[in-house]
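The values are calculated or read from the model by the stated rules, or taken from the named source; none is laboratory data. All values reported here derive from a predicted model rather than from experimental measurement. Note that we place each Cβ from the backbone using ideal geometry, even for glycine, and neighbour counts take in every protein chain shown. Accessible surface is based on the protein model in full, side chains and every heavy atom, while ligands, DNA and RNA are left aside. Shrake-Rupley method; radii C 1.70, N 1.55, O 1.52, S 1.80 Å.
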Amino acid sequence: FSSEEDVVKMAELPEFQETYKPVIAWSTSIGSGVDKYYSQLKPAVDEKAHYVAARDGEVKALSFKNGN
């Protein structure tokens, strides 16, 4: 392993053309935060809605279509 030659040869990344540009359909927020604390709360999703919670106990179900 003292050789200057790479042991593993990496393939070059091929160039590609993007075929899709995502757009933000809607956005919202919940709660007002709790000072500088980081929260590990994560949204849940099922076939009906997004379910989100804030650290202060507020919980919302949000429509996929428009966030209401």
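Can you tell me which residue in the range 42-55 is most open to solvent (accessible area, probe 1.4 Å), limited to those that are within 16 Å of S29 (Cβ to Cβ) and assigned to a loop (DSSP other than H, G, I, E, B)?
Filtering the range 42-55 down to residues within 16 Å of S29 (Cβ to Cβ) leaves 42-43, 50-55.
Now restrict to residues that are assigned to a loop (DSSP other than H, G, I, E, B): 42-43, 54-55.
Numbers: K42: 169, P43: 91, A54: 15, R55: 121 Å².
Of everything passing the filter in the range 42-55, K42 is most open to solvent (accessible area, probe 1.4 Å).
Residues of the range 9-36 that are farther than 30 Å from N68 by Cβ and open to solvent by 100 Å² or more (accessible area, probe 1.4 Å): K9, M10, E12, L13, E15, F16, Q17, E18, T19, K36. Of the residues screened, E58 is not one that is open to solvent by 100 Å² or more (accessible area, probe 1.4 Å) and not small (G, A, S).
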